[in-house]
Amino acid sequence: MSTSEDKISLRDIGRASLRLLPGVLDAVCGAVRLGLVQAHARRSIGLLLEQQALSNPDKDCLRFEGRRWSYRDFNAWANRIADVLHQRGIRRGDSVGVLFDNEPALLACVAAIVKLGAVAGMLNPNQRGEVLAYSVGVIKPKTLLISEACLPALRSAFAEQPADADWLWVGEGEAPPGLPSLPALAERANTANPAITREIEAREACYYIFTSGTTGLPKAARMSHLRWLRSAYGMGQLAMRLHADDVFYCPLPFYHNNALTLCWSSVLAAGATLAMAQKFSASRFWDDIRHHEATAFVYIGELCRYLLLQAPKKSDREHRVRVAIGNGLRPEIWDEFQQRFGIEHLCEFYGSSEGNLVFVNVFGLARTAGFSPLPYAIVGFDTENDCPQRNAKGFMQRVATGEAGLLISEVSKHNPFDGYTDEKASEAKLFRNVFKQGDCWINSGDLVREQGMRHIAFVDRVGDTFRWKGENVATTEVERAVGALPGVELASVYGVQVPHADGRAGMAAIVLQAGARFDGISAAKALLQALPAYAVPVFVRLLDAHETTATFKIRKVDLKQQGFDPASVDGPLFVLRDRALGYEPMTAATLARINDGQLRL
């Protein structure tokens with residue numbers, strides 16, 4: 001395939017799958033175990049940990065900055081914490097807040113919480129003030145566990161501990177005044193497995209994961225043991241073919257699902273080893289990989305691009321990595337990344353914390369978000385009115401293979417929707433009476449393209465796609481073209497309102513590589529050759545850096561609000577008012593002509 005838009009055939013799948021034949025037994029085992037995971041089965045995260053501690057007691061379970069924990073020791077650590085929490089009144093179904101940066105105690109605390117049948121509320125340590133206070137209020141924790149490093153964040157949200165709050169400090173040495181020390185309480189606690197763990201059913205909640213979103217207040221998605229176990233066997237064994245000898249390196253934050261569910265579940269299911277990094281570092285990434293002798297790692301967002309921007313080294317292929325899994329690897333850098341670093345299997349996937357659908361690149365094809373056996377549909381979408389198209393009878397219509405549309409997934413007894421803690425937010429995520437009266441489907445909020453053989457390619461987020469000159473513009477496709485310009489390190493594209501014009505004009509925010517300069521004439525020429533005329537950005541601005549979320553998603557909301565007014569925009573700003581002249585500096589005089597309707601773009 002040459003692009004993400006190419007159709008996928010059975011022959012493509014057969015050829016690609018030949019490379020992955022050595023792991024076929026692991027894949028078959030994963031498929032069988034996946035099929036055995038039922039909602040009412042007494043199976044859970046804690047029970048899987050206990051089974052591995054019994055079967056592989058001396059095997060490395062976790063590595064972090066030179067320290068190691070065996071499955072036996074890690075399970076005992078979690079049991080001691082569980083005993084403390086139980087003594088403090090934590091019971092099945094209770095919410096327990098967890099406010100940590102990446103460190104081993106985070107996983108031990110989460111394991112303890114879910115062993116009791118309680119729910120771990122994974123708070124974002126980057127939040128401050130009112131936003132963090134709001135997040136705590138959303139999950140309503142009976143107890144809140146705070147790491148030493150995150151105490152200042154909590155103090156920014158709560159100047160004083162609420163009278164009815166039970167906060168436990170997790171750190172080394174003496175705890176701050178008024179905060180009981182969890183490590184001190186756990187020193188003499190019981191190391192036995194909690195009896196309740198054997199009673200927990202897969203359908204029960206295990207986590208509250210806050211959606212990282214780029215706008216608005218965060219929402220807490222409800223994660224179940226069922227979905228976690230399905231990830232363990234579906235992603236860990238069926239897709240990645242992990243086994244006990246693997247070491248899985250994770251530099252992503254564990255308050256998000258890519259780390260807490262994807263990585264941790266895959267490791268526990270295989271009896272493998274998790275190598276946790278405190279945070280992602282592009283300059284240290286491959287050194288860490290070699291230090292841990294990692295055979296797999298997880299990526300997200302622009303992580304792969306950041307690695308490509310590092311100066312090439314002779315050691316780029318000196319590692320044991322055979323598989324990398326993640327989402328957001330852009331098609332334009334897929335081949336370069338895979339060839340430079342020599343990774344056999346790039347296991348791209350598509351999914352969300354709140355959804356019930358996942359696509360995964362099981363067969364090792366290039367430039368695809370992957371395959372899904374679950375029920376889904378891609379329906380026509382009206383980008384101008386920001387809603388799905390419905391026919392005269394009020395029903396949605398599926399698009400043809402190769403066309404872009406809104407991805408939706410069916411809600412059923414066997415494929416439930418766990419939703420958010422907020423019932424109104426959960427209902428707002430659903431479409432009803434989609435293809436027939438009484439059916440229910442989840443709105444993914446994403447535009448995708450059907451590639452054939454139940455594979456999809458991501459096109460854009462709903463709200464990012466905009467309409468200009470009577471045509472729909474997918475920002476990811478424009479970002480691909482802008483990102484290919486010489487000297488461009490990173491680009492984001494969005495639509496901005498223009499007076500006296502229908503729709504939104506395209507605007508690109510660009511970060512240049514060190515020493516590079518923006519050539520407006522050659523940039524316009526290249527983009528006019530690479531894109532349809534209506535998709536070429538009308539405005540360009542240069543940035544020193546993009547503001548991103550903790551998972552490397554670019555925040556566009558402020559960029560959209562700043563628009564193309566030179567008085568509101570820091571840094572160089574350009575406009576394409578004459579294609580023969582290319583991008584020219586945007587001036588107050590040009591802005592006045594646009595606002596008066598004298599200049600039509």
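Only a single criterion out of (1) assigned to a helix (DSSP H, G or I); (2) touching a strand residue (DSSP E or B) at 6+ places or on another chain (Cβ under 8 Å); (3) surrounded by fewer than 18 Cβ atoms within 10 Å (Cβ to Cβ) is not satisfied by SER156, namely (2). Just wondering, is there one or more residues in the range 373-391 that are assigned to a strand (DSSP E or B), loosely packed, with under 15 Cβ neighbours inside 10 Å and not assigned by TED's automatic domain parsing to the domain that holds VAL96? Within the range 373-391, one or more residues are assigned to a strand (DSSP E or B), loosely packed, with under 15 Cβ neighbours inside 10 Å and not assigned by TED's automatic domain parsing to the domain that holds VAL96. Here is a check on your reading of the model: is ALA509 buried (at least 18 other Cβ atoms within 10 Å of the Cβ), modelled with pLDDT of 95 or more, of a type outside the set (Ser, Thr, Tyr) and in contact with a His (Cβ under 9 Å, 6 or more places away or on another chain)? For ALA509, the condition - buried (at least 18 other Cβ atoms within 10 Å of the Cβ), modelled with pLDDT of 95 or more, of a type outside the set (Ser, Thr, Tyr) and in contact with a His (Cβ under 9 Å, 6 or more places away or on another chain) - is met. Filtered by the rule that a residue be of a type outside the set (D, E, K, R) and either surrounded by fewer than 19 Cβ atoms within 10 Å (Cβ to Cβ) or over 17 Å from GLN310 (Cα atoms) (or both), the range 474-487 gives ALA474, THR475, THR476, VAL478, ALA481, VAL482, ALA484, LEU485, PRO486, GLY487.
Is it the case, given these coordinates, that PHE574 is touching a helix residue (DSSP H, G or I) at 6+ places or on another chain (Cβ under 9 Å), among the hydrophobic types (A, V, I, L, M, F, W, C) and part of a loop (DSSP other than H, G, I, E, B)? Here the answer is no, as PHE574 does not meet what is asked. Among the candidates PRO183, PRO152, PRO177, PRO218, the residue that is of a type outside the set (Gly, Ala, Ser) and closer than 28 Å to LEU268 by Cα is uniquely PRO183.
Take ALA523 and decide whether it is assigned to a strand (DSSP E or B), surrounded by 23 or more Cβ atoms within 10 Å (Cβ to Cβ) and touching a strand residue (DSSP E or B) at 6+ places or on another chain (Cβ under 8 Å). For ALA523, the condition - assigned to a strand (DSSP E or B), surrounded by 23 or more Cβ atoms within 10 Å (Cβ to Cβ) and touching a strand residue (DSSP E or B) at 6+ places or on another chain (Cβ under 8 Å) - is not met.
Against the conditions (1) within 24 Å of the chain's Cα centre (by Cα); (2) in a loop (DSSP other than H, G, I, E, B), GLY438 satisfies every one except (1). The residue pairs whose first member lies in the range 451-463 and is in the same structural domain as GLU384 (by TED's automatic domain parsing) and crowded, with 22+ Cβ neighbours inside 10 Å, whose second member is among the polar types (S, T, N, Q) and at pLDDT 90 or above, and whose beta carbons are closer than 8 Å, counting only pairs six or more residues apart or on different chains, are GLN451/THR368; HIS455/THR368; ILE456/THR368; ILE456/SER372; ALA457/THR368; ALA457/GLN451.
In this structure, does GLY438 turn out to be surrounded by 15 or more Cβ atoms within 10 Å (Cβ to Cβ), over 24 Å from GLU348 (Cβ atoms), at pLDDT 95 or above and not acidic (Asp, Glu)? The answer is no for GLY438. Per the conditions (1) within 28 Å of SER17 (Cβ to Cβ); (2) among the aliphatic types (A, V, I, L, M); (3) buried (at least 17 other Cβ atoms within 10 Å of the Cβ), the sole criterion not satisfied by ALA400 is (3). On the stretch given as the range 401-432, residues that are among the polar types (S, T, N, Q), outside any helix (DSSP H, G or I) and either touching a residue at least 60 places away in the same chain (Cβ under 8 Å) or closer than 26 Å to ASP464 by Cα (or both) total 3. Return a yes/no flag: does the range 77-96 have any residue that is closer than 22 Å to HIS291 by Cα and either surrounded by fewer than 24 Cβ atoms within 10 Å (Cβ to Cβ) or under 30 Å from the mean Cα position of the chain (by Cα) (or both). For the range 77-96, residues closer than 22 Å to HIS291 by Cα and either surrounded by fewer than 24 Cβ atoms within 10 Å (Cβ to Cβ) or under 30 Å from the mean Cα position of the chain (by Cα) (or both): absent.
I'd like to know if the range 448-461 contains one or more residues that are among the basic types (Lys, Arg), part of a strand (DSSP E or B) and farther than 26 Å from GLU348 by Cβ. No.
The values are calculated or read from the model by the stated rules, or taken from the named source; none is laboratory data. All of these numbers come straight from a predicted model, not from anything done at the bench. Reconstructed Cβ throughout: ideal geometry from the backbone, glycine too, with neighbour counts over all protein chains shown.
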